[in-house]
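Worksheet: one structure, shown below.
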Amino acid sequence: MSAPEDSQAAPLEGATSSQAALPAPSPSSQAKKPAPLWRRFLREVVLETLLPAWLVITFVAIPVGVRGESMNPTLESGDYLIVLKTERWLSAWGIRPNYISRGDIIVTKAPEDNPASSEPLPSYLETLPVLGLVNWDFLRDLRFRPYLIKRVIGVPGDTVEVKAGVVYISGAKLTETYTTTARGVDDAPVTVVRPNTFYVMGDNRTRGSSLDSRAFGLVRGSDVAGRAVLRLWPLNRIGQP
């Protein structure tokens, strides 16, 4: 008895092979026209690039370059730091009010009511072509308050005094291992650090090397941009400043 063959479906006589009917392409499946240039600029430049960058440098962190020698030997001109902005906003919102401690390196502006706090616009601006159309005599009279990089010496409640270049906090000598070996003999009167203010100094204690609270007084917490938490450059000194 022979084995049955594999069963196969045989088409009926006169029947045609069935085919799936393809629907007509919809307008949405056809090639779309490119978006207008202004819409692409809004999406790709403003929303996808500029807005995230603004949010980061405003609320998270910002890179800051060091210019000058007032923080030698800790920081040198040309160093680049990361300044944390998150803590400042948490403090402003009352979530973490006391985020600055003695010994922290901060970026701040000097008090606006002190003449030593402002300086004229950089002279190199006069060479820019766009300013050739502007009355430079007017610009020479403008002044601005630059951001300064300083170390916190006194926090609210402290009494700070500088005698012969030595810092005393509430009568006790402050141990400082981060300053220059050569120190000036500058004195500063006794200063009581008020709430939400700070006494700041540069690590370079050579006479005339640092413009700080000895000259312009206490800085306000609202003028502090944030704490310097990381040195990015140079690579051989990367890490906590």
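The values are calculated or read from the model by the stated rules, or taken from the named source; none is laboratory data. Computed from a predicted model, the values in this text were never measured in an experiment. No Cβ is skipped: glycine too gets one built from the backbone with ideal geometry, and neighbour counts run over all protein chains shown.
Can you name the residue in the stretch 217-241 that is crowded, with 18+ Cβ neighbours inside 10 Å and of a type in the set (Lys, Arg) and, of all such residues, is farthest from Pro156 (Cα to Cα)?
Ranking the candidates gives Arg231 first.
Among the residues of the stretch 226-241, write down those that are assigned to a helix (DSSP H, G or I) and within 21 Å of the chain's Cα centre (by Cα).
If the condition is that a residue be assigned to a helix (DSSP H, G or I) and within 21 Å of the chain's Cα centre (by Cα), then Leu235, Arg237 are the ones that fit.
I'm trying to understand the selection: among the residues of the stretch 87-129, which are over 29 Å from Thr179 (Cβ atoms), modelled with pLDDT of 75 or more and outside any loop (DSSP other than H, G, I, E, B)?
Of everything in the stretch 87-129, those that are over 29 Å from Thr179 (Cβ atoms), modelled with pLDDT of 75 or more and outside any loop (DSSP other than H, G, I, E, B) turn out to be Trp89, Leu90, Ala92.
Being of a type outside the set (Lys, Arg), under 23 Å from Asn114 (Cβ atoms), modelled with pLDDT of 90 or more and touching a Ser or Thr at 6+ places or on another chain (Cβ under 6 Å) narrows it down to one residue among Gly226, Gly202, Gly217; which is it?
Of Gly226, Gly202, Gly217, the one residue that is of a type outside the set (Lys, Arg), under 23 Å from Asn114 (Cβ atoms), modelled with pLDDT of 90 or more and touching a Ser or Thr at 6+ places or on another chain (Cβ under 6 Å) is Gly202.
Cβ-Cβ under 6 Å, sequence separation 6+ or interchain: first residue in the stretch 190-216 and farther than 11 Å from Gly154 by Cα and of a type in the set (Gly, Ala, Ser), partner at pLDDT below 95 and in a helix (DSSP H, G or I). Which pairs?
Ala215/Ala116
Give the residue, chosen from Ser70, Ser77, Ser91, that is of a type in the set (Gly, Ala, Ser), without any contact (Cβ under 8 Å) to a residue 60 or more places away in the chain and at negative phi.
Every option except Ser77 fails the conditions.
In the stretch 181-198, which residues are buried (at least 18 other Cβ atoms within 10 Å of the Cβ) and in a loop (DSSP other than H, G, I, E, B)?
Selection gives Val193 alone.
Pairs under 9 Å by beta carbon, first residue under 20 Å from Arg207 (Cα atoms) and surrounded by fewer than 10 Cβ atoms within 10 Å (Cβ to Cβ) in the stretch 160-177, partner aliphatic (A, V, I, L, M) and modelled with pLDDT of 95 or more, six or more apart or different chains?
none
Does the stretch 41-48 contain at least one residue that is surrounded by 12 or more Cβ atoms within 10 Å (Cβ to Cβ) and either modelled with pLDDT of 90 or more or of a type in the set (Phe, Trp, Tyr) (or both)?
Scanning the stretch 41-48 turns up at least one residue that is surrounded by 12 or more Cβ atoms within 10 Å (Cβ to Cβ) and either modelled with pLDDT of 90 or more or of a type in the set (Phe, Trp, Tyr) (or both).
Sort through Asp223, Asp203 and tell me the only one that's acidic (Asp, Glu), under 17 Å from Asn98 (Cβ atoms) and under 22 Å from the mean Cα position of the chain (by Cα).
Within the list Asp223, Asp203, the selection yields Asp223.
Can you tell me which residue within the stretch 57-81, out of those that are among the β-branched types (Val, Ile, Thr) and surrounded by fewer than 17 Cβ atoms within 10 Å (Cβ to Cβ), is nearest to Glu176 (Cα to Cα)?
Ile62
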